[in-house]
1. Report, by residue number, each residue of the stretch 101-124 that is within 17 Å of Val166 (Cα to Cα) and not aliphatic (A, V, I, L, M).
2. Can you name the residue in the stretch 10-30 that is assigned to a loop (DSSP other than H, G, I, E, B) and polar (S, T, N, Q) and, of all such residues, is nearest to the ligand (Cβ to nearest atom)?
3. May I ask you to list the residues in the stretch 187-219 that are outside any strand (DSSP E or B), more than 14 Å from the ligand (Cβ to nearest atom) and either touching a residue at least 24 places away in the same chain (Cβ under 8 Å) or touching a His at 6+ places or on another chain (Cβ under 8 Å) (or both)?
4. Look at Gly174 and say whether it is over 20 Å from the mean Cα position of the chain (by Cα) and free of Cβ contacts under 8 Å to residues at least 12 places away in the same chain.
5. Please determine, by comparing only the residues of the stretch 107-128 that are surrounded by 24 or more Cβ atoms within 10 Å (Cβ to Cβ) and not in a helix (DSSP H, G or I), which one is nearest to the ligand (Cβ to nearest atom).
6. I need the full set of residues from the stretch 129-145 which are within 16 Å of the ligand (Cβ to nearest atom) and surrounded by fewer than 19 Cβ atoms within 10 Å (Cβ to Cβ), in order please.
7. Checking Ile40 against (1) in contact (Cβ under 8 Å) with a residue 40 or more places away in the chain; (2) away from the ligand (no atom under 16 Å from the Cβ); (3) not aromatic (Phe, Trp, Tyr), which test does it fail?
8. Keeping to the stretch 283-311, report how many residues are hydroxyl-bearing (Ser, Thr, Tyr) and more than 13 Å from Thr9 (Cα to Cα).
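Nothing in this text is a laboratory measurement; each read-out follows from the coordinates by a stated rule. All figures in this text were calculated on a predicted structure; none of them were measured in a lab. In this analysis, Cβ positions are derived from the backbone assuming ideal geometry, glycine residues included, and neighbour counts consider all displayed protein chains.
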Amino acid sequence: MHYAHILGTGSYLPDRCMSNDDLSKIVDTSDEWITSRTGIKERHIAAPEEQTSDLAVAAAQRALADAGIQANDIDLIIVATSTPDMTFPATACIVQQKLGIHGCAAFDVQAVCAGFMYALTTANAYIKSGMARKVLVIGAETFSRLLDWQDRRTCVLFGDGAGAVVLGASDETGGIIHTKLKADGRYQHILQTPGKIANGVIDGAPYLFMDGQAVYKFAVKALAQIASEVIQEAGMTAADIDWIIPHQANYRIIESTARHLKLPMDKVIVTLAQHGNTSAASIPLALDTGIKEGRIQRGETLLLEGIGGGFAWGAVILKY
Ligand code: ACO
């Protein structure tokens, strides 16, 4: 039996930081409104020449250095993104090329803000089955490019960034303990970017659309349920969880999951204020931040959970 252990983590944020006050010069909003409704204070925005793959590579290089392994040792790259460099090829193939390696399997997963949960679960399955031994799992996004910067209901919520994890197979127990993924396509209309490339033009709205209140209601319920289920199926109780590393969309959603599990907020890694919602990058960014700040320690039990468009959601329990 093989177990998928975290060998290293890394993350990357673009240099340009945009505060709520900066935003209030573009749209009719305020630091007070954004902070009180979401908990977000600032977000990072990729430079025009920076692609999602560039953010991914920067995070991956840090994760590889942290793991103490060479890019050549990787036998699978999975990139979770909804903002790929191009329609095809997969951003994972571009990342592979930029890392200077060739031949290993590389593909993208697209589950929006649940993308990292889907990618980590897929990587775990490859390792458990013996199909891969060292997997680079990346969440990377340039969501700023999907935003209508005239729409204050959405443009204040998102940011760009990337986070990466190197997973390694081991015969020792530990690492990823249990995973659970769910999706319900009936809710696709409450959060989507419907535009597609067809016959040489963009067919449909190319900007992110969100019914904020519907998303809020759905997310609170679905995350509470999946968190309880994944803990129970792992044979644990909430008291066994040392840290929750949630998708960073909204402080009130994060708080409600912690409250549901009867865990205090000081057991939750919250990076929302500095990162905003970076979609598939938000969980690995928060994980790396918690580790690099010395809060998350080796041997501790982590609950990762995320939800996003689709609707798609998932949770992972692992021993770091
Ligand atoms: N600044 C100032 N006013 C604003 C802004 C803004 N940025 N955005 C909306 N408003 C106004 C609206 O126009 C409206 O004004 P009106 O009453 O005059 O029409 C008023 O504020 C209330 O708007 P609502 O949309 O009802 O605001 P709500 O209290 O629902 O808060 C929010 C909006 C924060 C988006 C909330 O619905 C929410 O948190 N939803 C969850 C969405 C989420 O987390 N999405 C992330 C992506 S999905 C994911 O990652 C899971």
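1. Cys104, Phe107, Asp108, Gly115, Phe116, Tyr118, Thr121, Thr122, Asn124
2. Residue satisfying both the conditions and the ranking: Thr29.
3. Pro206
4. no
5. Across the stretch 107-128, the extreme among qualifying residues is Ala111.
6. Across the stretch 129-145, the qualifying residue is only Arg145.
7. Every condition holds for Ile40 apart from (2).
8. Adding up the residues that qualify gives 1.
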